[in-house]
Amino acid sequence: MAAAALGLEVSGRPPQKDGPPGGGQWSSLSLPFSIHEGTLRSGEHRHASGSLLVLGDVNPGAHIQAEGHVLVWGRLRGIAHAGSSGDRSAWIVALHLRPLQLRIADQVARGPEELPPVGLAEKAHLVNGAIQIEPADPCWPLLSVPAKRSGPLAPGSA
């Protein structure tokens, strides 16, 4: 339902795209691109050397970290760290962005307390050195990027 509300194709195989409609730029998408399928529970940690997509929720007490971007196709309620190797252009996107803590490169912020907008994904990124949250572009750069998949992880594994 959230994907449909964002205007994304939800049945069949999504079309391959070179970039977002309107000529936006996604050249900063980091490779390799890792996909984790399933919910990350308290105590679990997932790290990606490029960008990371989580197809599921990130519960409180779980930690996700990527040297590139972090995208959560679900609820982000744990800790997310994008640009962990110092990339200040990295961003964090989630369908439900209510993390305990956000980190982008060397900046740290607490998650917002108010409820998110219904049916809209949100994006956290650095603006003038501070983490800012705003509605996300519904055309994510995921569909044409080669990915390696992983399943659920054991608590404490990376």
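The values are calculated or read from the model by the stated rules, or taken from the named source; none is laboratory data. Being a predicted model, the structure only gives us computed values, none of them experimental. Methodologically, a virtual Cβ is constructed for each residue, glycine included, from the backbone with ideal geometry; neighbour enumeration extends over all protein chains shown.
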Those residues of segment 122-133 which are outside any strand (DSSP E or B) and within 19 Å of Q101 (Cβ to Cβ) amount to G129
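Go through the residues of segment 97-106 one by one and say whether even a single one is under 10 Å from the mean Cα position of the chain (by Cα) and not acidic (D, E). First the steps, then the outcome.
So the first thing to find is which residues in segment 97-106 are under 10 Å from the mean Cα position of the chain (by Cα), and the list is 97.
This time we only want the ones that are not acidic (D, E), so: 97.
Yes, that holds for at least one residue.
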By residue number, the members of segment 83-113 that are crowded, with 20+ Cβ neighbours inside 10 Å, of a type in the set (A, V, I, L, M, F, W, C) and in a loop (DSSP other than H, G, I, E, B) are A90, W91
On the basis of being within 18 Å of H125 (Cβ to Cβ), modelled with pLDDT under 95 and over 12 Å from the mean Cα position of the chain (by Cα), does G24 make the cut? yes
Within segment 40-92, the residues that are more than 18 Å from E122 (Cβ to Cβ) and aliphatic (A, V, I, L, M) are L40, A48, A62
